[in-house]
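I have placed the structure first, in the form of structure tokens, so that the comments after it can refer back to it.
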Amino acid sequence: MNHSPSEEDSRIRVLIADDDRPFLESLQKLIDQQPELTVIGAAADGLEAIELADQLNPDAVVLDLHMPLLDGVSAAARLRRDHPSVCLIALTGDEEPALHRAVREAGADEVLLKNQLVEGLLDRLSTLRRAN
């Protein structure tokens, strides 16, 4: 599918990070199927997510909370500090309220459980365009 430059420019640029490769690939497909969204990078750990965010300057970052090298809470805090206007969405399979609270305090705009993912994530990302 070819997009005109103006369509390309108006799409929300999303960086995704998860150490579960099959999940990361399915998440990328899901996001890329939305006409207003595009995945600009995929990271396998928190450190790579920070490096890619610095290089690519995304509109939104979707990151897993349990990753090697740098966990999602630490990565979220760093991303929030370095990219104050980015929409930061944490994903987890962990229902632990303390973890959700910690990542919100670190700067995440939203915490979604992976099993609620599709609906919640797409709703949250599509509100981004309306808010800007």
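The values are calculated or read from the model by the stated rules, or taken from the named source; none is laboratory data. None of these values were measured; they are calculated from a predicted model. Backbone-built Cβ (ideal geometry, glycine too); neighbour counts: all protein chains shown. Areas reflect the complete protein model, heavy atoms only, side chains present, ligands, DNA and RNA absent. Shrake-Rupley method; radii C 1.70, N 1.55, O 1.52, S 1.80 Å.
What's the angle, to the nearest 10 degrees (0 to 90), between helix 21-32's Cα axis and the longest principal axis of the chain?
Helix 21-32 and the main axis of the chain meet at about 40 degrees.
Give the accessible surface of the chain per residue, rounded to a whole number of Å², with probe radius 1.4 Å and ligands, DNA and RNA excluded.
In whole numbers, the chain has 52 Å² accessible per residue.
GLN28: net charge of surrounding residues, Cβ under 15 Å, Lys/Arg +1, Asp/Glu -1, itself excluded?
That sum, taken over residues with Cβ under 15 Å, equals -2.
As I understand it, the value is the acute angle between the Cα axis of helix 97-106 and the longest principal axis of the Cα atoms of the chain; what does it come to in degrees, rounded to 10?
Compared with the principal axis, the helix lies near 60 degrees.
Through the Karplus equation 6.51 cos²θ - 1.76 cosθ + 1.60, θ set to phi - 60°, convert the phi angles of segment 56-64 into ³J(HN,Hα) values in whole Hz; use x for Gly and Pro.
9, 6, x, 7, 9, 10, 10, 10, 6
Can you tell me what the convex hull of the Cα atoms of the chain projects to on average, as an area in nm²? Show your work: numbers first, answer last.
Numbers: hull surface 30.3 nm².
Average projection, Cα convex hull of the chain: 7.6 nm².
Given contacts defined as C-alpha pairs under 8 Å and at least six residues apart, what's the relative contact order of segment 33-79, whole-number percent?
40
Using only Cα atoms and rounding to the nearest 10 degrees, what angle (0 to 90) does helix 117-131 make with the longest principal axis of the chain?
60
So what's the back-of-envelope 222 nm ellipticity for the chain, counting only DSSP H runs of four-plus at -39500 (n - 2.57) apiece and dividing by all residues, rounded to 500?
-15000 deg cm²/dmol
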